[in-house]
């Protein structure tokens with residue numbers, strides 16, 4: 001099954017209390033170009049995510065967005081400097097006893113004294129988080145592939161329809177090509193009869209000239225090769241591996257054969273048919289730019 005280079009996929013999950021979302025978006029590109037965007041504090045997982053994407057996709061410009069919501073992760077730890085707090089409390093008790101003052105210290109009031117409370121960032125388990133992000137990335141890639149497969153099926157159907165049209169046009173060329181030689185022979189006989197008279201026509205010369213002309217305008221080799229290319233393209237469209245670049249090269253061969261047929265044809269009907277033929281080939285070339 002062929003896949004489009006254009007697609008979108010996303011997945012969400014919870015890792016170490018972190019709500020993580022992975023999104024992938026891709027557009028056409030001649031080669032694979034992967035960009036990963038994620039919070040700076042999670043850059044330790046960037047290479048792993050990029051590697052997972054690159055092992056899954058062969059062509060296209062792919063943007064990967066990793067967002068992290070740590071609102072419920074308890075990422076920040078508040079610590080109590082108990083030794084310092086005991087010192088403050090002892091000092092309060094001493095002041096109250098020594099000077100006859102009420103000892104009205106409360107938890108809220110003592111927490112406001114310098115250095116009693118400190119806020120520390122929770123250490124992240126880089127390995128566990130990386131594994132979790134990779135798992136979510138795998139889910140996002142499956143969603144991404146589902147969309148690309150749907151688009152790829154539409155592309156395959158369109159290209160097959162174009163191939164059917166090309167096949168019909170090639171049949172027209174094959175049917176009209178012998179008629180070109182017959183018309184040339186008739187014109188040659190008429191011209192010689194006009195110049196030399198009926199008695200002066202050399203039938204062998206007519207046959208020789210017609211044979212030379214037939215060899216010059218014959219397109220049998222080109223149509224045979226063109227049909228071979230069509231068969232090869234049909235087989236590629238039925239495969240499961242990325243074939244976009246191969247098809248691109250093959251379409252160049254389609255154009256080469258069509259151009260040769262166009263240069264050989266000496267018939268206006270065939271010339272018009274070749275124009276239609278090249279138009280269908282160009283439409284296929286445009287479509288395959290979307291195939292991975």
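Where a number appears in this text, it was derived from the coordinates with a stated rule and is not lab data. Given the structure is predicted, the values throughout are model-derived calculations rather than measurements. Note that we place each Cβ from the backbone using ideal geometry, even for glycine, and neighbour counts take in every protein chain shown.
Estimated from the Cβ-Cβ distance and a Förster radius of 51 angstrom, the FRET efficiency linking residue 269 and residue 69 is about 0.15. Classification of region 252-292 by its C-alpha gyration tensor yields an oblate form. The axis ratio a/c (a ≥ b ≥ c) is 1.5 or more, and b/c is at least a/b.
Label-to-label distance, residue 14 versus residue 255, with points set 7 angstrom from Cα along the beta-carbon direction: 5.5 nm. Sorted largest first, the spans of the alpha carbon positions of region 76-121 along the three principal axes are 42, 17, 11 Å.
The stretch between residue 220 and residue 48 holds 56.5 nm of extra length on full extension. This uses 0.36 nm per residue minus the Cα-Cα distance. Peptides 277-284, 240-247 ordered by packing proxy, namely the average of other Cβ atoms within 10 Å per residue, highest first: 277-284, 240-247. In this simple spin-label model, placing a label point 7 Å from the Cα along the Cα-to-Cβ direction at both residue 113 and residue 246 gives a separation of 7.8 nm. When peptides 226-232, 254-260 are ranked by their average number of other Cβ atoms within 10 Å per residue, the highest-first order is 254-260, 226-232. Packing-based ranking of 54-60, 22-28 yields 22-28, 54-60, ordered from highest to lowest mean Cβ neighbour count within 10 Å. Working from label points 7 Å from Cα in the Cα-to-Cβ sense, the residue 58 to residue 283 distance is 2.7 nm. Across all directions, the average flat footprint of the convex hull enclosing the Cα atoms of region 6-157 is 11.6 nm².
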